[in-house]
């Protein structure tokens with residue numbers, strides 16, 4: 001895992017990367033995170049941790065470009081019930097749910113890649129998946145043909 005990067009936030013809203021000794025934009029911070037880095041942002045004047053605020057700004061910039069991040073119905077719930085009820089959910093469960101989903105997705109993608117490398121015939125797999133009870137759905141004439149084949 002890559003080490004955490006500490007950024008300093010100045011009153012003029014500029015962010016300073018202490019590791020690389022340079023000023024960075026919100027886009028740069030987003031790129032750092034997408035590459036797997038964890039960031040910590042500290043307000044120079046107060047010494048307060050403002051990481052959540054900066055990360056929220058990054059997400060809001062993305063929303064401006066894509067016009068949505070969360071469904072409107074969920075946003076209504078967040079506003080209606082506020083921090084009291086939903087903050088516990090976000091703090092305790094949402095991160096775990098997303099990590100679990102990403103882990104499952106990674107495992108599935110890896111299995112699919114292996115199947116492709118082995119040259120598996122997915123048409124046979126799909127056929128078996130579509131008809132999990134083949135003997136139940138066979139016509140009687142199909143079964144009598146099988147018996148005749150077995151006898152010879």
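The values are calculated or read from the model by the stated rules, or taken from the named source; none is laboratory data. Just so we're clear, the structure is a prediction, and the values are computed from it rather than from any experiment. Cβ coordinates were reconstructed from backbone atoms using ideal geometry, including for glycine residues, and neighbour counts include every protein chain displayed.
See the values below:
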item	result
Residues satisfying the stated conditions in the range 5-36, i.e. in a strand (DSSP E or B) and in contact with a strand residue (DSSP E or B) (Cβ under 6 Å, 6 or more places away or on another chain)	5, 6, 7, 8, 9, 15, 16, 17, 23, 24
Residue in the range 111-126 that is assigned to a helix (DSSP H, G or I), touching a helix residue (DSSP H, G or I) at 6+ places or on another chain (Cβ under 8 Å) and at pLDDT 75 or above present	yes
Matching residues in the range 5-23 - criterion: being closer than 20 Å to residue 62 by Cα and out of contact with any helix residue (DSSP H, G or I) (no Cβ under 8 Å at 6 or more places or on another chain)	13, 14
Residues (free of Cβ contacts under 8 Å to residues at least 40 places away in the same chain, in a loop (DSSP other than H, G, I, E, B) and closer than 16 Å to residue 14 by Cβ) located in the range 37-70	44, 45, 46
Residue tally, condition surrounded by fewer than 12 Cβ atoms within 10 Å (Cβ to Cβ) and over 25 Å from the mean Cα position of the chain (by Cα), over the range 1-17	3
Residue check, residue 2 assigned to a loop (DSSP other than H, G, I, E, B), touching a helix residue (DSSP H, G or I) at 6+ places or on another chain (Cβ under 7 Å) and closer than 28 Å to residue 94 by Cα	no
Residues that are surrounded by 12 or more Cβ atoms within 10 Å (Cβ to Cβ) and closer than 11 Å to residue 5 by Cβ, drawn from the range 20-50	24, 28, 29, 32, 33, 37, 38, 39, 40, 41
Qualifying positions in the range 88-108 - exposed (fewer than 10 other Cβ atoms within 10 Å of the Cβ) and either more than 17 Å from the chain's Cα centre (by Cα) or at pLDDT 85 or above (or both)	96
